[in-house]
Amino acid sequence: MLKATAFNVTCSVEETEKKMKTVIFGPPGSGKGTYASRLQVKLGADVIAMGDIFREIMKEDSPLGRQVKGFVEKGLLVPDDVVIEVLKQRLVKVSSGRGFILDGFPRTIEQAEALDKLVKIDAVILLTVPDWIIVERLSTRRVCRKCGEVYNVRYLKPKAEGACDKCGGELYQRSDDTAEVIRDRIKVYERQTKPILQRYNEKRILSVEFKCEKLETPPEVAVESILRELKKLNLA
Ligand code: ADP
Ligand code: ZN
């Protein structure tokens, strides 16, 4: 049996009534996790972050943990059947009456098709960012070992060096955040993930876009812009 770990689920203090089901979509390093963790409070939604779930699974000394590790550390996608099963098990844990933000799913057309069979997505939050920003950001990124919060040693520093602002956990550099693996992850995104956008366009799923053009754009600026756009569409 696969074991999906609940991760990054917190209760909101400013819940809206909308219960939106959204996908946050963009290349690695576009800020999906950073913005999702801030948007969840504003939208009263759970965040389902596939990368975080896999990093938890990888900590287990199990056949599944070792299998997943082999893909993640090379910057390759975990096979669809595994990902889809993990997602299904995580979706049933979404608190009733709350929406969710999917971060890192779907990443292939097959995953998008599987998702369509499970739920109807209300909106896609699209993040676009040039490759040079991705490489610079990811190679200086740090992640909290305990809660998964994302920092950057240059552009998004924690208050105390090496420690998470939220939970005090140790910050570390992901093994797939090296220049070589980052380049492979960008290629994988272009080849396997980006084509999903065409599908969402054809299905006329509402979408809002945030274009990041500057390295040091504070997350709050992006989040405010995304919320404004969602409100315009009456989605937040
Ligand atoms: P990123 O910063 O690249 O968006 P994530 O933390 O979302 O990173 O994902 C890290 C890795 O976990 C991916 O490179 C991939 O190996 C694996 N992974 C995450 N989500 C999926 C998915 N939907 N399908 C296949 N593999 C995935
Ligand atoms: Zn933390």
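The values are calculated or read from the model by the stated rules, or taken from the named source; none is laboratory data. These numbers come from a predicted model, not from an experiment. Cβ coordinates were reconstructed from backbone atoms using ideal geometry, including for glycine residues, and neighbour counts include every protein chain displayed. Protein only, heavy atoms only, side chains kept; ligands, DNA and RNA dropped before computing areas. Shrake-Rupley method; radii C 1.70, N 1.55, O 1.52, S 1.80 Å.
Key figures for this structure:
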| quantity | calculated |
| --- | --- |
| Near pairs, Cβ below 8 angstrom, 6+ apart or cross-chain, from the range 33-52 (free of Cβ contacts under 8 Å to residues at least 40 places away in the same chain) to any residue that is open to solvent by 20 Å² or more (accessible area, probe 1.4 Å) and within 15 Å of ligand 2 (Cβ to nearest atom) | Val41/Thr10 |
| Which listed residue, of Leu77, Leu39, Leu64, is within 12 Å of the chain's Cα centre (by Cα) and either part of a helix (DSSP H, G or I) or farther than 20 Å from Arg145 by Cβ (or both) | Leu39 |
| Residues of the range 120-152 that turn out to be in contact with a strand residue (DSSP E or B) (Cβ under 6 Å, 6 or more places away or on another chain) and outside any strand (DSSP E or B), as a count | 4 |
| Subset of the range 205-219 that is at pLDDT 95 or above and of a type outside the set (A, V, I, L, M, F, W, C) - its residue that is surrounded by the most Cβ atoms within 10 Å (Cβ to Cβ) | Ser207 |
| Pairs with Cβ under 9 Å, 6+ apart, first in the range 153-170 and free of Cβ contacts under 8 Å to residues at least 24 places away in the same chain, second of a type in the set (A, V, I, L, M, F, W, C) and open to solvent by 40 Å² or more (accessible area, probe 1.4 Å) | Glu161/Val153; Gly168/Ala160 |
| In the range 146-159, residue nearest to Pro218 (Cα to Cα) [restricted to those that are more than 14 Å from ligand 1 (Cβ to nearest atom) and either open to solvent by 50 Å² or more (accessible area, probe 1.4 Å) or of a type in the set (Ser, Thr, Tyr) (or both)] | Tyr155 |
| The lone exception for Val94 - which of (1) more than 16 Å from ligand 2 (Cβ to nearest atom); (2) β-branched (Val, Ile, Thr); (3) in contact with a strand residue (DSSP E or B) (Cβ under 9 Å, 6 or more places away or on another chain); (4) within 28 Å of Val135 (Cβ to Cβ) it fails | (4) |
| Selection count where residues are under 24 Å from Arg38 (Cβ atoms) and open to solvent by 80 Å² or more (accessible area, probe 1.4 Å), scope the range 160-194 | 4 |
